[in-house]
Amino acid sequence: MRFSVGTDIIDIEKLRGSYARWGLKLIRRLLTDKEHEYCRHKANFLQSVAGRVASKEAVYKALYRYGVSGYSWKDIEILDDDTNAPVVHISDRVAKITPDVQIAISISHTEEHAIAMALVELNNDSNTNS
């Protein structure tokens, strides 16, 4: 069993600028339909989007250590469970590369920044590069 950690921080004002320029095209590129629906119902839409984007980046960084790369934004989905805690769902494509992976995520934000930390536990060393 091995562990890897990834973190990311998003400047919400920069995201606001990108959103002003690209609008829903940006959101559709970064988020799954379920994530978009979740964020759409939050009081601060862009804070929620930033939290999801930071989470996806944190997961990517943690998985990259094991040779997982080249997947899309939508291969990682961050949804809430029934206790409103964020849960990571990975696509079948990513799961084929790392079949025995467990991922925990933590998200926090202020008005200016969203930050996320991902903890990846890999139970099977046979599918890794390190």
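Candidates are the residues of the stretch 55-97 that are among the β-branched types (Val, Ile, Thr), within 10 Å of the chain's Cα centre (by Cα) and closer than 14 Å to Gly6 by Cβ; the one that is surrounded by the most Cβ atoms within 10 Å (Cβ to Cβ) is Val59.
Taken together, the residues in the stretch 36-53 that are part of a helix (DSSP H, G or I) and free of Cβ contacts under 8 Å to residues at least 12 places away in the same chain amount to 5. The set of residues in the stretch 54-73 that are out of contact with any Asp or Glu (no Cβ under 8 Å at 6 or more places or on another chain), assigned to a helix (DSSP H, G or I) and hydrophobic (A, V, I, L, M, F, W, C) comprises Val59, Ala62, Leu63, Trp73. Residue check: is His36 surrounded by fewer than 19 Cβ atoms within 10 Å (Cβ to Cβ), under 15 Å from the mean Cα position of the chain (by Cα) and within 20 Å of Glu111 (Cα to Cα)? Against the criterion (surrounded by fewer than 19 Cβ atoms within 10 Å (Cβ to Cβ), under 15 Å from the mean Cα position of the chain (by Cα) and within 20 Å of Glu111 (Cα to Cα)), His36 qualifies. The set of residues from the stretch 74-97 being without any contact (Cβ under 8 Å) to a residue 40 or more places away in the chain and out of contact with any Asp or Glu (no Cβ under 8 Å at 6 or more places or on another chain) comprises Asp75, Ile76, Asp81, Asp82, Thr83, Asn84, Ala85, Asp92, Ala95, Lys96, Ile97. On the stretch given as the stretch 1-42, residues that are within 19 Å of Ile115 (Cβ to Cβ) and either in contact with a Pro (Cβ under 9 Å, 6 or more places away or on another chain) or among the aliphatic types (A, V, I, L, M) (or both) total 7. Considering the stretch 1-29, the residues that are part of a strand (DSSP E or B) and not charged (D, E, K, R) include one that is surrounded by the fewest Cβ atoms within 10 Å (Cβ to Cβ), namely Phe3.
Could you say whether any residue in the stretch 98-119 is of a type outside the set (Val, Ile, Thr), touching a His at 6+ places or on another chain (Cβ under 6 Å) and touching a residue at least 24 places away in the same chain (Cβ under 8 Å)? Give the derivation first.
Of all residues in the stretch 98-119, those of a type outside the set (Val, Ile, Thr) come to 99-100, 102, 104, 106, 108-109, 111-114, 116-119.
Add one more test, that the residue is touching a His at 6+ places or on another chain (Cβ under 6 Å), and what stays is none.
No, the stretch 98-119 contains no residue that is of a type outside the set (Val, Ile, Thr), touching a His at 6+ places or on another chain (Cβ under 6 Å) and touching a residue at least 24 places away in the same chain (Cβ under 8 Å).
When the stretch 10-35 is filtered for residues that are in contact (Cβ under 8 Å) with a residue 24 or more places away in the chain and over 23 Å from Ser91 (Cα atoms), the ones remaining, listed by number, are Ile10, Asp11, Ile12, Glu13, Leu15, Arg16, Tyr19.
All of the numbers you see were taken from the coordinates with simple rules; none came from a lab. All values derive from a computational prediction rather than experimental measurement. Methodologically, a virtual Cβ is constructed for each residue, glycine included, from the backbone with ideal geometry; neighbour enumeration extends over all protein chains shown.
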